[in-house]
Number of protein chains: 2
Amino acid sequence: MLDLLRFDENGLIPAIAQQHDTGEVLMLAWMNRDSIEETLESGNVCYWSRSRARLWRKGETSGQTQKLIELRFDCDADTLLLMVDQKGVACHTGRRSCFYAAMRDGQVVEIAEPEIDPAALYG
Amino acid sequence: MLDLLRFDENGLIPAIAQQHDTGEVLMLAWMNRDSIEETLESGNVCYWSRSRARLWRKGETSGQTQKLIELRFDCDADTLLLMVDQKGVACHTGRRSCFYAAMRDGQVVEIAEPEIDPAALYG
């Protein structure tokens, strides 16, 4: 499967995480070959952190892990869709989803509140 | 809003398209500033085609347009989530979603069939 995927010039591929039962889109992050292999082996989602330039085992600090339910990829084999079971919240702001900002009537509005104080996750 | 977004070194930002009522993730494509402005003005999703290096008005050839319901973006402001109403199918293979390949029991399997013959879309 890994040989089918088309990684970009940095060896990365974008991965969308979607809660498997509710359909909520939680986040988008990046994976490399190593992080995909680790994810498939461990069953817990591991990304590649571009800012820290290292493997990022989702929840390693916050405890908010993502269990992989199914890995899917698209017709061009250049994007992953991870069906996951998200423990707690996906977003570092304490919100369930990272996509909490919306354009409504020409204004940016927040459509979700934090469920957990970030200080409790990272403090 | 556009000034809040963080485009990459090529002036692009990834955009996930999700069917607004069913939650199905349809595709991921890329947008630049111009394509976002056109999308907000017209109400029909316009991407930036990296392969053709031009604006890509989704459905311009196939008729399978995407009506924008709501534009959202994430906590890092570097990914868009487009809540859309997809007419027909999103994928050039004639499938509703581009994410029709899944890893199951170590094998790649197709989990969706074409709903329309691609020749009818592009022929």
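The values are calculated or read from the model by the stated rules, or taken from the named source; none is laboratory data. In this text the structure is predicted, and so the values were computed from the model without any measurement. Cβ: placed from backbone, ideal geometry, glycine included. Neighbour counts: every protein chain shown.
Listing for the model above:
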{"item": "Cβ pairs under 6 Å, 6+ apart, first in region B:51-69 and at pLDDT 95 or above, second surrounded by fewer than 18 Cβ atoms within 10 Å (Cβ to Cβ) and among the basic types (Lys, Arg)", "result": "B:Gln64/B:Lys87; B:Thr65/B:Lys87"}
{"item": "Residue that is farthest from A:Asp3 (Cα to Cα), among those in region B:112-122 that are assigned to a loop (DSSP other than H, G, I, E, B) and among the aliphatic types (A, V, I, L, M)", "result": "B:Ile116"}
{"item": "Tally, over region A:93-106, of residues that are over 19 Å from A:Val25 (Cβ atoms) and either within 10 Å of chain B (Cβ to nearest Cβ) or not in a loop (DSSP other than H, G, I, E, B) (or both)", "result": "1"}
{"item": "Subset tally (residues that are over 13 Å from the mean Cα position of the chain (by Cα) and not acidic (Asp, Glu)) for region A:33-49", "result": "4"}
{"item": "Residue count for region B:89-106, restricted to those that are basic (Lys, Arg) and either over 17 Å from the mean Cα position of the chain (by Cα) or at positive phi (or both)", "result": "1"}
{"item": "Complete set of residues in region B:1-18 that are under 23 Å from A:Glu110 (Cβ atoms), within 11 Å of chain A (Cβ to nearest Cβ) and either under 19 Å from the mean Cα position of the chain (by Cα) or among the aromatic types (Phe, Trp, Tyr) (or both)", "result": "B:Leu2, B:Leu5, B:Ile13, B:Pro14, B:Ala15, B:Ile16, B:Ala17, B:Gln18"}
{"item": "Conditions (1) more than 30 Å from A:Arg50 (Cβ to Cβ); (2) within 14 Å of the chain's Cα centre (by Cα): number failed by B:Leu68", "result": "(1)"}
{"item": "Checklist (1) outside any loop (DSSP other than H, G, I, E, B); (2) under 17 Å from B:Pro14 (Cβ atoms); (3) more than 14 Å from the chain's Cα centre (by Cα) applied to A:Val109, failing item", "result": "(2)"}
{"item": "Residues of region A:93-107 classified as without any contact (Cβ under 8 Å) to a residue 40 or more places away in the chain and surrounded by 14 or more Cβ atoms within 10 Å (Cβ to Cβ), total", "result": "7"}
{"item": "Condition met for A:Gly23 (free of Cβ contacts under 8 Å to residues at least 12 places away in the same chain and either among the charged types (D, E, K, R) or within 10 Å of another protein chain (Cβ to nearest Cβ) (or both))", "result": "yes"}
{"item": "Hits in region B:26-59 (condition: of a type in the set (Gly, Ala, Ser) and facing chain A (nearest Cβ under 10 Å))", "result": "B:Ala29, B:Ser51"}
